[in-house]
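The values are calculated or read from the model by the stated rules, or taken from the named source; none is laboratory data. Since we're looking at a predicted model, the values are computed, not measured. FYI the Cβ positions are ideal-geometry reconstructions off the backbone, even for glycines, and counts take in every protein chain you see.
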């Protein structure tokens, strides 16, 4: 009933149909919403249609004699359907094969590809449009004879496009092999290049085509399962389940074929019953084998989850909460092949989502209190059970890492503050020693100068010089006082200084008048604007006078910005200072903006 050639091609067409149906099942549930995955899925559909159409046509040919022997005729619709399926797959295969290679190139180049590439893709799609129109026209006739030339794919409308598609595929795969950094992917691209090269050498219409096109599907399936290619093999339980389902389907198909071959000797029902009973004998070993595979997959997933948790804990020990959140989002997204991850804390700033689409929320709890939420954005319709369980586990572990990070951050802050206080205490001791050693000589110098001014015999020309010397001694004493004040441990507003209501304009006017003479002596123009406006602030007159006098003196002496005394004194009353240089629009000068707390504002 069957010839040797028919048996061989029956096996090849069945294998091709089942193989690409298996890949389509994986892609349908797990493919990403990106152009490359979509085009790859469509290419798999086209290849599946070619094998499915040829398998249906071969079965029609096999049963042709069977129908004639019983005086029946071949149903025209079955023959037309087989030809239509094959022709549709053959029309779409060349442009989709070219398109999927250029989409992979765009993925490697992160979207940076020339626009003329899309023109090449469009050129390949044009013949497919005409071929599909022809197929539709022939389908309406329901004449099986019209599809005889389309079954073999040897006609002019198929052969040149298959050949060009294979030629371009070889060149692109060689380029991919040179561009990849991973050895496993380089081997994949070289194997695909060799397969397409042999297919190009034999031609699209040869029977070798059906053998060769099994290789790309088998390679993709292998790399998806073993190397997680395209992030599809992450969910191993689904892969194993689908594999077992297709193995069962193949066995049932084999049982059907064997019952047909043995029909002259045994009833088909008896043959199928025996073969199904034989399967029961192997159920125990098969169950143990599948159990071991699932156990290894579980251990691999558990180890990956432990490594991820350890990495998050390690980063948490650095005490940087922003860095911890960023790393957790990135590593969770990569580990589970998600489109995006967002971790939002209730006491933190609102963070916008980076992606849109389907999302699953996991609540972060610290004891009974809810502290935030982990949002996982995924591809497809739903998360798999194992991914959901893993994310649920991470949602339980993250609050502990966040608490650890915050505690260490507070510890580091306190350590820095303690170190600063120790530094200031040491500086205070040094400043007290310097002040003690300098103030006594300065007091003696000032006393001698004042005695000279009281001497009636002092020449008139020397009197101004003595007065200037006394003023400089007073200024040095003021500097020593400021040095001692700066060297004291920082006393914040919450630690003792009580702010009062101060007239800022009055203090500013008094400070400018005291320093006006020094500015004129150095040739600096010192003016005060807005002094007539009354402005009250929560501060002390001493602190505000210190801040303004230091700013003015530093400006007069052309010291660089960033005065330490000013910053410390402002911190005592909860105020801030900002420096702007140069000042627009003149692009010259420097502006210091002191922000005081308004009267009645909380600390």
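Results, tabulated for the structure shown:
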| quantity | calculated |
| --- | --- |
| Qualifying residue in segment 442-463 (condition: assigned to a helix (DSSP H, G or I), at pLDDT below 85 and closer than 30 Å to residue 420 by Cα) | no |
| The one condition in (1) under 24 Å from residue 200 (Cβ atoms); (2) surrounded by 17 or more Cβ atoms within 10 Å (Cβ to Cβ); (3) at pLDDT 85 or above that residue 153 fails to fulfil | (3) |
| So residue 303, is it out of contact with any helix residue (DSSP H, G or I) (no Cβ under 7 Å at 6 or more places or on another chain), without any contact (Cβ under 8 Å) to a residue 24 or more places away in the chain, part of a helix (DSSP H, G or I) and within 30 Å of residue 229 (Cα to Cα) | yes |
| Count of residues meeting criterion [at positive phi and touching a strand residue (DSSP E or B) at 6+ places or on another chain (Cβ under 7 Å)] in segment 373-417 | 0 |
| Criterion (modelled with pLDDT of 70 or more and within 28 Å of residue 427 (Cα to Cα)) met by exactly one of 518, 572 | 572 |
| Of the criteria (1) modelled with pLDDT of 80 or more; (2) outside the structural domain of residue 545 (by TED's automatic domain parsing); (3) farther than 18 Å from residue 552 by Cα, which one residue 476 fails | (3) |
| Every residue from segment 97-119 that is surrounded by 13 or more Cβ atoms within 10 Å (Cβ to Cβ) and in a loop (DSSP other than H, G, I, E, B) | 113 |
| Meets criteria (more than 31 Å from the chain's Cα centre (by Cα), more than 26 Å from residue 16 (Cβ to Cβ) and assigned to a helix (DSSP H, G or I)) for residue 277 | yes |
